[in-house]
1. Quick one: in segment 86-136, of everything that is among the aliphatic types (A, V, I, L, M) and surrounded by fewer than 17 Cβ atoms within 10 Å (Cβ to Cβ), which residue is nearest to LEU163 (Cα to Cα)?
2. On the basis of being of a type in the set (D, E, K, R), closer than 11 Å to ILE124 by Cα and part of a helix (DSSP H, G or I), does GLU66 make the cut?
3. Only one residue in GLU334, GLU345, GLU377, GLU364 is free of Cβ contacts under 8 Å to residues at least 40 places away in the same chain, outside the structural domain of SER244 (by TED's automatic domain parsing) and in a helix (DSSP H, G or I), so which one is that?
4. Please specify each residue of segment 197-246 satisfying the condition of being on the phi > 0 side of the Ramachandran plot and surrounded by fewer than 18 Cβ atoms within 10 Å (Cβ to Cβ).
5. Quick test of your reading of the structure: THR75 fulfils all but one of (1) within 30 Å of LYS170 (Cα to Cα); (2) over 28 Å from the mean Cα position of the chain (by Cα). Name the failing condition by number.
6. Going through segment 172-196 one residue at a time, which ones are modelled with pLDDT of 65 or more and surrounded by fewer than 16 Cβ atoms within 10 Å (Cβ to Cβ)?
7. Every residue in segment 381-401 that is within 23 Å of LYS413 (Cα to Cα) and surrounded by fewer than 12 Cβ atoms within 10 Å (Cβ to Cβ), please.
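The values are calculated or read from the model by the stated rules, or taken from the named source; none is laboratory data. On a predicted model such as this, the values are computed, not experimentally measured, just so you know. Note that each Cβ is placed from the backbone with ideal geometry, even for glycine, and that neighbours are counted across all protein chains shown.
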Amino acid sequence: MATTAIWDVKDNLKRVLDYCANPNKTTNIDFSEYAYQGLNNVLEYTAQDIKTEKQMYVSCLNCEPETASSEMISTKIRFQKEDGILAFHAYQSFAPNEVSAETAHQIGIEFAQAMWGNRFEVQISTHVDKEHFHNHFVINSVSFVDGKRYKDNKANYRLMRNLSDNLCRKYDLSVIKKPRGSSLHYAEWQANKKHKPTERSLICDDIDFAISQSMTYTQFLNKLKEMGYKVKTNVKYTAVCPPSKNNYFRLYKLKSDGSYDEEHIKARILENKTVRYESLQPTVSCKKFVLKGDLSKQHKLTGFRALYFKYMYMMGILPQNRASNKRVHFLLREDLRYMDQISKETTLLCKQKIDTIEQLDYKESITKYQLDSYIKERRCIYNKIRRCRNPETKKLLQKDVVSLSADIKRLRKEVVLYEGIRNRSGLMKDKLHKIYKQEHQQEQKKSFKKEEKMKGA
């Protein structure tokens, strides 16, 4: 089994450059421009000594490994296309213990030859530093044949997937198969494999609950409407739209085996001899997080911390003082797939005592400053290692690099969390607003029906 991916390499994509850079080899004596340096960094990262077993598994197509960077840049200069995307960084990963390093590299070469070899300069590197061997490809964005740019579109990505799958079959490796009759997106298939909730699984969960509360098909449809669903019945196939969403899903397409079509739902309803008042808590598998300390003794939470705690309580992630018979809203249950990330962001907010956007910006700026200083310090140590001739001193310097690398990794994750908080908090507010608005409308409808009944009595 092999998975594939591809990214643009641009001079302003700092995160990509930081990820791909190998500080020991970043200096390009021939080209000092920042944009060209970025391309050089990508090439050097993918061919990093430690990861490729001293470059045993590094090959090139239409260029030489030692001069790949300058050759790619020369192609751009020759066709006067030095701006825009510098290169494309592609990835091919194999399942753990399924393929040897030699075979993985051979597959990578054949894959690159079939995909780009006729028109583009390509570097192929096989990384063996993890259980799953994986290939990195750096593809020049400009063709050395006609100067045309490579197009990273859906058609070419499908071609990548198909070529990779065909090579896996050739070498008797497993292939990710899409179930027949299934309309699942690849991302949704992956979520199902990892037992994470998807939009379709959440709809099925709500349908199961509505079935358990109904004695007739009409009651079933009305129950879905009470839960905030929009229902289309005056069409060939009954379709439902989740609360606060815009996309309709046909019932028979919710599962590839058709177990949620009208006939199966009606058969399940007939099996209900009596209405079963089951727990209204979500049936989706959900971790519980326990907070240390007594919150009652704390100052009243405000801002980000209050928002995150409220959200996690409503998601059912945090335990509540008393049991609630209120079903978790669809919009919140779909965020269960991001539960781990939300919990990490909550922990950071509590640890740093962040409640306002000003506090968030300040803490983030300090973290970024520390990160930049550690990166500069590590770069200096790398330069010392390169010039050092004493083995003992070199070992001590390498230990310093390991320590700094651990700190850099930690701070980078922290920066990602800060960015996540900034982006997610707005989405959280929007979702809570939609939920409160919908609940208010439902309460108004119930009050109106109650008044109408009283008038008719």
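1. ALA114
2. Values: of a type in the set (D, E, K, R): yes; closer than 11 Å to ILE124 by Cα: no; part of a helix (DSSP H, G or I): yes.
No, not satisfied.
3. Values: GLU334 fails: free of Cβ contacts under 8 Å to residues at least 40 places away in the same chain; GLU345 fails: free of Cβ contacts under 8 Å to residues at least 40 places away in the same chain; GLU364 fails: free of Cβ contacts under 8 Å to residues at least 40 places away in the same chain.
So the residue among GLU334, GLU345, GLU377, GLU364 that is free of Cβ contacts under 8 Å to residues at least 40 places away in the same chain, outside the structural domain of SER244 (by TED's automatic domain parsing) and in a helix (DSSP H, G or I) is GLU377.
4. Keep residues of segment 197-246 that are on the phi > 0 side of the Ramachandran plot, which gives 228, 244.
Scanning segment 197-246 gives a single hit, SER244.
5. Unmet condition: (1).
6. Initially, segment 172-196 is screened for residues modelled with pLDDT of 65 or more, giving 172-176, 196.
The answer is ASP172, SER174, VAL175.
7. Going residue by residue through segment 381-401, those that are within 23 Å of LYS413 (Cα to Cα) are 381-382, 398-401.
Scanning segment 381-401 gives a single hit, LYS399.
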